[in-house]
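Take a look at the structure below.
The values are calculated or read from the model by the stated rules, or taken from the named source; none is laboratory data. Remember, predicted model here, so these are calculated numbers, not experimental data. Every residue, glycine among them, receives a Cβ derived from its backbone with ideal geometry; neighbour counts consider all protein chains shown.
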Protein chains: 2
Amino acid sequence: MKCSKCGGRAVINMRQHRLRLCAEHFVEWFLAFAQRTIERYEMFAPTDKVLVAVSGGKDSLALWDVLLRLNYRAEGMYIGLGIDEGLGYSDKSLDMCRLFVRKHHPDAVLNIVDVEGEYGQAIPELARTHRRGQGKPCAVCGLVKRHIMNRIARDGGFAAIATGHNMDDEVAVLMQNTLHWQTGYLARQAPVLVERDGMARKVKPFVRFYERESAAYALVQGIDYIYDECPFAKGSTTNLYKELLNQLELNSTGAKQQFYLHFLSAREKGEVTFVETEPGQLQPCTRCSQPTTAGNLCAFCRLWE
Amino acid sequence: MKCSKCGGRAVINMRQHRLRLCAEHFVEWFLAFAQRTIERYEMFAPTDKVLVAVSGGKDSLALWDVLLRLNYRAEGMYIGLGIDEGLGYSDKSLDMCRLFVRKHHPDAVLNIVDVEGEYGQAIPELARTHRRGQGKPCAVCGLVKRHIMNRIARDGGFAAIATGHNMDDEVAVLMQNTLHWQTGYLARQAPVLVERDGMARKVKPFVRFYERESAAYALVQGIDYIYDECPFAKGSTTNLYKELLNQLELNSTGAKQQFYLHFLSAREKGEVTFVETEPGQLQPCTRCSQPTTAGNLCAFCRLWE
């Protein structure tokens, strides 16, 4: 397999782009395509401070690496969730983030928030003691992460929170939303969620990359990352959707990309319109001052009641 | 496994309905649910003449059986496509339709149109000699069937053409249309296609049944049918979608039904709107007088030029 650019040994074949690249040209292409995605969806400007939510996984570390190489003012943020499950999952994740900084970008700033240290309970414990966490801690975990990301972004004067969601992630969510015709979600799902009433702007610069491409980028750049997924994500419906979508892709090259990009363009052109659910009146939480629709205390602060 | 109605031995478990039924109560339920579907979507009235497109397969023969048992004025229509492929596919299909009449409804009327006998070429031959048939005859076949069905319906004064499409068929089409965001198709896909300018009304009374239910109905009623699918349908994308949707159903009971019914209801409530493609000006074909957007000769008549 030969590199489409130089004829050297290709390390990856991206059928949906009809492109085979050697390590050197893959990195070059990957950086340029990330840059094009940032510009195309107007994610942030070169002078903006960007907060990268890093988990220790391949996508978020690769994203941070890419943004730094593209000379963006990107700081990392690691949220210590206190998930162990016999695997030391959270500890390992933090190790990977620290190793990444030490090895690749020793001057980069990594903001660390430890949920248990700061608020008194780690996620699994918090989930067990709270109605919202019945069964799985994922709902509580999402709520806590959103709150903390928003706080750090606001307090640190960041223009946007960047997450490592790749196209496989987005397409799985799109499939979930479509299978249930959740039109409120379908109205909003996008590479950029704009800032609104104290809710920080959120952007996904890897939204045009297939998962295997961000994995290949991490590999080629020598970025070590945690291979395990969160132990609570095992057997999730999202994973099933990803598997089905990969079967589709195998049958028809570019199927995943087409599903996502046609969705965005049909919506943009008005060929399809989803009715947005009324967002409800936002007001500052009386304790943390983050925006909430829930009356006095926001859902996050009510967790700790 | 016990019948939810009488406690007898159940022959089918329909998890999405939380219903297990014995043979007798399954037939009773099946007939009543078909009747409810016909009424709910206002498919046709008790006095209407209905033309059932029968292929010799389980769905269309079961449909014809159901409509006759419900005392509708249902005639069958078999289109002889002349597909052999070493299997005698079309011959066997016609045999099954004739056997069905003889065995179950000796007074029923079966209209037979033989494509080769009437127009001079069978489908595979016609497809080979025509640009539209490059690769697979499915496009030509669909065109020919639509034309003939419409002709028989119009000439015979039928209020509607009923086809045996079940929910698995519909959901596979919905998935196909959604994966490509074909909003023109998504605007129209429905249990009823209304009559328009000489295009006959089309209805799908089995749209609420899973495929396994119509198969079970045929089995329980002793209806013999052709098990083979059309040899040209092998490896079709539709079959892949059906397989993926069954994986979803296995993971989450009712997933197929929910995907389809939520689609219909979200569209009806205006939560999602698809822009319909302009249908184009219809005028009668100068040869066959069926409606066409294509100028003088309709696409069917041009096939034989």
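The condition (being in contact with a helix residue (DSSP H, G or I) (Cβ under 9 Å, 6 or more places away or on another chain), free of Cβ contacts under 8 Å to residues at least 24 places away in the same chain, more than 29 Å from B:Arg154 (Cβ to Cβ) and among the small types (Gly, Ala, Ser)) is satisfied by just one residue among B:Ala23, B:Ala10, B:Ala32: B:Ala10. Here B:Leu282 meets each of (1) at the interface with chain A (Cβ under 10 Å from one of its Cβ atoms); (2) of a type in the set (A, V, I, L, M); (3) closer than 22 Å to B:Gly184 by Cα with one exception, condition (1). Is there a residue in the stretch B:138-158 that is within 14 Å of chain A (Cβ to nearest Cβ), on the phi < 0 side of the Ramachandran plot, touching a helix residue (DSSP H, G or I) at 6+ places or on another chain (Cβ under 6 Å) and of a type in the set (A, V, I, L, M, F, W, C)? Checking the stretch B:138-158: not a single residue is within 14 Å of chain A (Cβ to nearest Cβ), on the phi < 0 side of the Ramachandran plot, touching a helix residue (DSSP H, G or I) at 6+ places or on another chain (Cβ under 6 Å) and of a type in the set (A, V, I, L, M, F, W, C).
Restricting the stretch B:228-262 to residues that are farther than 30 Å from B:Met96 by Cβ and not in a helix (DSSP H, G or I), which is farthest from the other protein chains (Cβ to nearest Cβ)? Show your work before the answer.
So the first thing to find is which residues in the stretch B:228-262 are farther than 30 Å from B:Met96 by Cβ, and the list is B:247-248, B:250-255, B:258-259, B:261-262.
Checking the rest, the ones that are also not in a helix (DSSP H, G or I) come to B:252-254.
Values: B:Ser252: 7, B:Thr253: 13, B:Gly254: 11 Å.
Going through the qualifying residues, I end up with B:Thr253.
Test A:Arg102 against the criterion of being free of Cβ contacts under 8 Å to residues at least 12 places away in the same chain and of a type outside the set (A, V, I, L, M, F, W, C), and give yes or no. Break it down into steps so the answer makes sense when it comes.
Numbers: free of Cβ contacts under 8 Å to residues at least 12 places away in the same chain: yes; of a type outside the set (A, V, I, L, M, F, W, C): yes.
Yes: the conditions hold for A:Arg102.
Looking at the stretch A:290-305, which of its residues are in a loop (DSSP other than H, G, I, E, B) and within 25 Å of the chain's Cα centre (by Cα)? Matches in the stretch A:290-305: A:Gln290, A:Thr293, A:Cys298.
Of the residues A:Leu61, A:Leu51, A:Leu70, which is within 22 Å of A:Glu213 (Cβ to Cβ), surrounded by 20 or more Cβ atoms within 10 Å (Cβ to Cβ) and modelled with pLDDT of 95 or more?
On the way: A:Leu51 fails: within 22 Å of A:Glu213 (Cβ to Cβ); A:Leu70 fails: surrounded by 20 or more Cβ atoms within 10 Å (Cβ to Cβ).
Criteria check complete, one pass: A:Leu61.
So, B:Lys145, is that one in a loop (DSSP other than H, G, I, E, B) and basic (Lys, Arg) or not? When the stated conditions are applied, B:Lys145 does not pass them. Of all the listed residues (A:Ser265, A:Ser214), the sole one being within 13 Å of chain B (Cβ to nearest Cβ), part of a helix (DSSP H, G or I) and among the small types (Gly, Ala, Ser) is A:Ser265.
Residues in the stretch A:188-207 include at least one that is within 14 Å of chain B (Cβ to nearest Cβ) and either closer than 19 Å to A:Met43 by Cα or in contact (Cβ under 8 Å) with a residue 24 or more places away in the chain (or both).
Residues in the stretch A:169-181 that are more than 7 Å from every other protein chain (Cβ to nearest Cβ) and closer than 21 Å to B:Asn246 by Cα: A:Val171, A:Ala172, A:Val173, A:Leu174, A:Met175, A:Gln176, A:Asn177. Across the stretch A:101-135, which residue is modelled with the highest pLDDT among those that are among the small types (Gly, Ala, Ser) and surrounded by 13 or more Cβ atoms within 10 Å (Cβ to Cβ)? Looking at the filtered set, the residue picked out is A:Ala108.
How many residues, within the stretch B:241-263, are of a type in the set (A, V, I, L, M) and in contact (Cβ under 8 Å) with a residue 60 or more places away in the chain?
Our first condition is that a residue be of a type in the set (A, V, I, L, M); within the stretch B:241-263, this holds for B:244-245, B:248, B:250, B:255, B:261.
Narrowing the set further to residues that are in contact (Cβ under 8 Å) with a residue 60 or more places away in the chain leaves B:244-245.
Qualifying residue count, the stretch B:241-263: 2.
If a residue has to be more than 7 Å from every other protein chain (Cβ to nearest Cβ), assigned to a loop (DSSP other than H, G, I, E, B) and either exposed (fewer than 13 other Cβ atoms within 10 Å of the Cβ) or hydrophobic (A, V, I, L, M, F, W, C) (or both) to count, how many in the stretch B:268-278 make the cut?
Residues of the stretch B:268-278 that are more than 7 Å from every other protein chain (Cβ to nearest Cβ), as a first pass: B:268-269, B:276-278.
Applying the additional criterion that residues be assigned to a loop (DSSP other than H, G, I, E, B) yields B:269, B:276-278.
From what's left, either exposed (fewer than 13 other Cβ atoms within 10 Å of the Cβ) or hydrophobic (A, V, I, L, M, F, W, C) (or both): B:269, B:278.
Total meeting the criteria: 2.
Can you confirm whether the stretch B:226-239 contains a residue that is more than 21 Å from the chain's Cα centre (by Cα) and not hydrophobic (A, V, I, L, M, F, W, C)? No, the conditions are met nowhere in the stretch B:226-239. Taking the stretch B:14-120 as the region of interest, the strands (runs of 3 or more DSSP E) fully inside it that hold 2 or more residues being out of contact with any Ser or Thr (no Cβ under 8 Å at 6 or more places or on another chain) and more than 25 Å from B:Glu170 (Cα to Cα) are B:110-114. Among residues of the stretch A:210-240 being touching a residue at least 24 places away in the same chain (Cβ under 8 Å), over 13 Å from A:Ser60 (Cβ atoms) and aromatic (Phe, Trp, Tyr), the one that is surrounded by the fewest Cβ atoms within 10 Å (Cβ to Cβ) is A:Phe232.
Test A:Ala266 against the stated conditions and say whether it is touching a strand residue (DSSP E or B) at 6+ places or on another chain (Cβ under 6 Å), free of Cβ contacts under 8 Å to residues at least 40 places away in the same chain and either among the hydroxyl-bearing types (Ser, Thr, Tyr) or closer than 30 Å to A:Glu213 by Cα (or both). Spelling it out, A:Ala266 is indeed touching a strand residue (DSSP E or B) at 6+ places or on another chain (Cβ under 6 Å), free of Cβ contacts under 8 Å to residues at least 40 places away in the same chain and either among the hydroxyl-bearing types (Ser, Thr, Tyr) or closer than 30 Å to A:Glu213 by Cα (or both).
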